[in-house]
Each structure stands twice: as C-alpha cells, then as structure tokens.
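Student: Got a structure here, written out as structure tokens. Questions coming.
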Amino acid sequence: MRHSIFKQLTVAQYDQLIKNGSPDNWGKDHIPVVKLFMPGTGHTWLLTEIDPEETNIAFGLCDLGMGFPELGYVDLDEIGSVKNRLGLGIERDTSFEGEYPMSVYADAARECRQITEDDARLKRYVNKPCPKIS
C-alpha cells in the first residue's frame, strides 16, 4: 500500500477494494467499502474498488461540494496530495459502513446534490429499476 490514503485503510478494506476491482467483478453494483473526506470542505468520496493493475486508480462516488456528485474514477495519488486551508489532508470516516449498493448512494446523492447517509432517503432507491439509456 504505497499511497498515503491507504495508510488509513484496514487490510480488510484494501483487500476488498482490490477484489471488487478485479476483472471477475467488473460491472457489479458493489457496496461502498470506504468513505474518505477532507475536513472543513464538502469533498467526499465513497469508494467501491481499486484497479489491481493500477493501484492509484479507484472508482466510486465523488462529491467535490459543488452540488454535482458523480460516479467516476479518481487518482488516489492526486487526492492524497491535496491539503485544505489548515494543512489537513484526506481522512477516512471510521464510522462509515456501506449498507446499500453504490447505485443507491448515487441516486440519493443526485437528489440531495451531495453524498448522503440519510437512511430514509437511501431506502427510497433500493430495488428501484435503473432508467433505460437510449
């Protein structure tokens, strides 16, 4: 685990992120493994997987506090190097435990315009059919 972010993860979390990122698990709607945030900002990431071939690349729900959370890839070296105005870097929310697939968190985040852990809002998106893309 060469990234400063990974020093905050448990071995079990790191292993699950790598497992979820393996080719056998591509395209699955994983439950978020870890929540990262930057203190004093609206920056939050819910990560589900890390590319086992390029361990600096992770996938998850990214919220930079601008009202447009989105699913995508993030460079862990990049976010690990950023500091806030007080010189604090990315931290792991040690109390976070993902309960729902990432699609549920993403749908609720789009509605709230930020990542939310509000259980009532999240439950509204459980088992909701995905819209068809044309």
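Since every read-out is calculated from the coordinates, none of them should be taken as a lab result. Nothing here was measured: the structure is a model prediction, and the numbers come from that model. Glycine also receives a Cβ, built like all others from the backbone with ideal geometry; neighbour counts cover every protein chain displayed.
Student: Counting only GluC sites (Glu not before Pro) that are in a DSSP loop and have at most 14 other C-beta atoms within 10 Å, tell me the longest site-free stretch of the chain.
Tutor: Of all site-free stretches, the longest is 1-52.
Student: When a/c reaches 1.5 or more, the comparison of a/b and b/c decides; with that in mind, is segment 1-102 rounded, prolate or oblate per its Cα gyration tensor?
Tutor: Judged from the Cα gyration tensor, segment 1-102 comes out prolate (a/c at least 1.5, a/b above b/c).
Student: Longest exposed-loop-site-free stretch of the chain, with trypsin sites (Lys or Arg not before Pro), DSSP loop and at most 14 other Cβ within 10 Å?
Tutor: Free of exposed loop sites, the longest segment is 29-82.
Student: Considering the chain as a Gaussian network with a 10 Å cut-off on Cα pairs, which listed residue, ILE31, ILE115, ILE57, attains the greatest mean-square fluctuation?
Tutor: Result: ILE57 has the largest fluctuation of those listed.
Student: While we're looking at this one, here's another question. Would you mind calculating the relative contact order of the chain from Cα pairs under 8 angstrom and at least 6 residues apart, reporting the percent as a whole number?
Tutor: Relative contact order for the chain comes out at 23 percent.
Student: Have a look at PRO23, ALA58, VAL82 and report the one farthest towards the positive end of the charge dipole of the chain, computed about the Cα centre with Cβ charges (Lys/Arg +1, Asp/Glu -1).
Tutor: Going by the Cα projections, it comes out as VAL82.
Student: Which of THR48, THR94, THR116 moves most in a GNM of the chain, Cα contacts under 10 Å?
Tutor: Looking only at THR48, THR94, THR116, the largest GNM fluctuation is found for THR94.
Student: Cα atoms only, segment 50-134: Rg and Dmax in Å?
Tutor: Here Rg and the maximum Cα pair distance are 14.7, 46 Å.
Student: Let me ask another. Restricting to DSSP H runs of at least four residues, report the calculated mean residue ellipticity at 222 nm for the chain, -39500 (n - 2.57) per run over all residues, nearest 500 deg cm²/dmol.
Tutor: Calculated mean residue ellipticity at 222 nm is -6500 deg cm²/dmol.
Student: If you don't mind, another one. Just flag the chymotrypsin sites (Phe, Trp or Tyr not before Pro) in segment 24-113 sitting in loop per DSSP whose Cβ has no more than 11 other Cβ atoms within 10 Å.
Tutor: Loop-located and lightly packed - TRP26.
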